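Down below is the structure, laid out as structure tokens.
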Amino acid sequence: MVALRSAALSLLGVTASFLLTPAHSQTTLSLHGSGTTNPSKCFWHIMAKIEEQLKIRGRLTYRAVGSGAGIQEFLGKDINGTNTLQAYNDFGSGDIPIDSQDRQDWFDAGIEFVQLPFVLSAVGFFHSIPGVPSGEGGLNMTACLLARVFSTDITTWDHPDILDINPGLNVEKNYKIFVGRRVLGSSSTYSITNYLYAQCPQTDDNPKGWPADQVGSTVDWDESTNACDGSGPMTDCIVENEGAIGYIDVAHAHEEGLNEIKLRNGDGNFLTSKEAGVEGIQEAAKDLSDAPDSADGGVKFQHR
């Protein structure tokens, strides 16, 4: 299984602002958004098509700055140390929903907006062990092994528990794992920590599972892990450091040629997101009974 996330589009009541161009006295359609990197290429493609077909001048932009920044800019929150309640963009896109208190503050100020789910995608785990490909013959991992790697309980690729499900893995003794992780308000961190806790929670019977207080868009990482903030820097961390592991949206990762880790699903099969395919993602998202009623709730993942 892969960690699933649903990107939500946050819109003002009227998202497009119409500006007059003094030089030509012609109306120009201006629409600017910012937020998560995940759907950025989708936005850019759609915007390019719209601009091609507009009968008036248009300038549509989307800045891939991360979910946290997109939400801040959309709400006018914590910009230059103040909460202005004045949007810096026309729409924001994020995999982290706007919480109910922020929503209420805006509504109390007489400004209403809506949050719309518009795309479903996957976040995967990727590695850079030389000679180990993606897919057939690739690296197998379970949620519990990943929890131990990202908590630094397991620090080398030749750990017996990793070799137990990867009998063909041929690495040198004490081959160190380079752990890459995000830093600032990352929706990818939000997704994978929810996944790790849902699939391998820390309990009295499983003390090495993922702890409940380490679930969210920002968590307290061990100081031995490595900051790789953003999809581009995460790609660099994985590519430039042999034996690295990190997490990133799969579309970006596969475009960059990264090797995806095969995760064990509920049927005991090890699959990458490509092998699970669209049907696997749709199956995992079919039951929304655990979806939170409030944006304050955490994302819950079904074990498929």
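The values are calculated or read from the model by the stated rules, or taken from the named source; none is laboratory data. None of these values were measured; they are calculated from a predicted model. Quick reminder, even Gly has a Cβ in these numbers, built from the backbone with ideal geometry, and neighbours come from all protein chains shown. Ligands, DNA and RNA are excluded from the accessible area calculation, which covers all protein heavy atoms including side chains. Shrake-Rupley method; radii C 1.70, N 1.55, O 1.52, S 1.80 Å.
The table for this structure:
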| item | result |
| --- | --- |
| Residue ranges of helices (runs of 4 or more DSSP H) in segment 137-249 with at least 3 members free of Cβ contacts under 8 Å to residues at least 12 places away in the same chain | 160-164, 231-240 |
| Among (1) open to solvent by less than 70 Å² (accessible area, probe 1.4 Å); (2) modelled with pLDDT under 80; (3) closer than 22 Å to ALA253 by Cβ - the single one PRO97 does not satisfy | (3) |
| Criterion violated by ILE111 - all others in (1) modelled with pLDDT under 80; (2) open to solvent by 20 Å² or more (accessible area, probe 1.4 Å) satisfied | (1) |
| Residues of segment 261-279 satisfying the condition of being more than 23 Å from ILE238 (Cα to Cα), crowded, with 17+ Cβ neighbours inside 10 Å and more than 20 Å from the chain's Cα centre (by Cα) | none |
| Selected residue [touching a Lys or Arg at 6+ places or on another chain (Cβ under 8 Å), open to solvent by 40 Å² or more (accessible area, probe 1.4 Å) and at pLDDT below 90] from ASN38, ASN83 | ASN83 |
| Single residue of SER134, SER128 found to be within 25 Å of SER231 (Cα to Cα), buried (at least 18 other Cβ atoms within 10 Å of the Cβ), among the hydroxyl-bearing types (Ser, Thr, Tyr) and touching a helix residue (DSSP H, G or I) at 6+ places or on another chain (Cβ under 6 Å) | SER128 |
| Cross-chain or 6+ apart pairs with Cβ under 7 Å, segment 35-64 first and of a type outside the set (D, E, K, R), then open to solvent by 80 Å² or more (accessible area, probe 1.4 Å) | TYR62/TRP44 |
